[in-house]
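Working notes, beginning with the structure itself.
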Amino acid sequence: MNAVLELADVTVKRGTATLLDGVDWAVEEDERWVILGPNGAGKTTLMQLCSAQIHPTSGVVGILGEVVGTVDVFELRPRIGWTSAAVAERIPRHEIVRDVVVSASYGVVGRWRERYDELDHERAAALLREVGAGALLDRTFGTLSEGERKRVQIARALMTDPELLILDEPAAGLDLGGREDLVSTLSAIALDEYSPATILVSHHVEEIPPGFTHALLLREGRVMAAGPIPHVMNAEQLSATFGMRLTLHEEDGRYSARRLARRHA
Ligand SMILES: Nc1ncnc2c1ncn2[C@@H]1O[C@H](COP(=O)(O)OP(=O)(O)O)[C@@H](O)[C@H]1O
Ligand SMILES: [Mg+2]
């Protein structure tokens, strides 16, 4: 089994603020990780490191066998599929959905990219069908609902056949139905053995799709717990991460959490 990510004593500082502090973490290619933590914990900063968007202030970040800082990031980035609010903002509203997905492959050399444009379009259509957005091919991105946009972004992130898939809060802004549909889609991706190593950032335990194998809990830039979900997902560690007494409930692979009633506190 190959390590897709290897972080050793990684720190990120901006001015006097420490955004990530002494992070040690490894991700293997068959693992699907969920990153949980309150707002401002450093989740997005951690994903920017893992997608070679930023460098650590200190420590070592290894991605797909390459050490960040010793490798051309423009060769590394196409091997990583990444969705986030920042990526979504760069998609023009008037762009046709099929082009939003296909354009992820522009500039990517090697792999299947040297073939023909027609194959690219077939692949984009197949990926859109896979994420339940097959009917949206000819729509413009700006006319889509929030849930539809998230699906298109995931198809786009998968377009380059990445070895690592990073989804930073894909359920943010979705209504209940939209969230449940997305959780099903992500669960299908997680359970597919041909899917790349996947990292999903969230701050809601309700959004953990069945099939995810590992969890990392982050608070104030520090890893509170990391490992297989059954070892990490318990009320004690979740409470420490979110800074309040929580109860945690699990049913059929889905989690829910709420604050412990005051009389128990
Ligand atoms: N360039 C920066 N300079 C100073 N502080 C920053 C900078 N970028 C992010 N932060 C702070 O770092 C913390 C972690 O941010 P972020 O990684 O976006 O957290 P999360 O995704 O978990 O909400 C937040 O408190 C944020 O305000
Ligand atoms: Mg964030």
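The values are calculated or read from the model by the stated rules, or taken from the named source; none is laboratory data. These numbers were taken from a predicted model, which means no experiment stands behind them. Every residue, glycine among them, receives a Cβ derived from its backbone with ideal geometry; neighbour counts consider all protein chains shown. Heads up: the accessible areas ignore ligands, DNA and RNA and are worked out on the full protein's heavy atoms, side chains in. Shrake-Rupley method; radii C 1.70, N 1.55, O 1.52, S 1.80 Å.
Taken over the range 44-74, residues that are open to solvent by 10 Å² or more (accessible area, probe 1.4 Å), within 16 Å of ligand 1 (Cβ to nearest atom) and either under 17 Å from the mean Cα position of the chain (by Cα) or closer than 15 Å to Ile166 by Cβ (or both) amount to 5. Only one entry in Leu36, Leu20, Leu49, Leu64 is within 30 Å of Ser103 (Cβ to Cβ) and within 16 Å of ligand 2 (Cβ to nearest atom), namely Leu49.
A search for C-beta distances below 7 Å between a residue of the range 21-42 that is away from ligand 1 (no atom under 12 Å from the Cβ) and of a type in the set (Asp, Glu) and any residue that is modelled with pLDDT of 95 or more and in a loop (DSSP other than H, G, I, E, B), counting only pairs 6+ apart in sequence or on different chains, returns Glu31/Thr213. Quick one: would you say Glu236 is assigned to a helix (DSSP H, G or I) and closer than 29 Å to Ala17 by Cα? Spelling it out, Glu236 is indeed assigned to a helix (DSSP H, G or I) and closer than 29 Å to Ala17 by Cα. The test for being outside any loop (DSSP other than H, G, I, E, B), out of contact with any strand residue (DSSP E or B) (no Cβ under 6 Å at 6 or more places or on another chain) and touching a residue at least 40 places away in the same chain (Cβ under 8 Å) does not hold for Arg151. For the range 168-204, taking the residues that are out of contact with any helix residue (DSSP H, G or I) (no Cβ under 7 Å at 6 or more places or on another chain) and over 22 Å from Glu250 (Cα atoms), the one that is nearest to ligand 1 (Cβ to nearest atom) is identified as Ala197.
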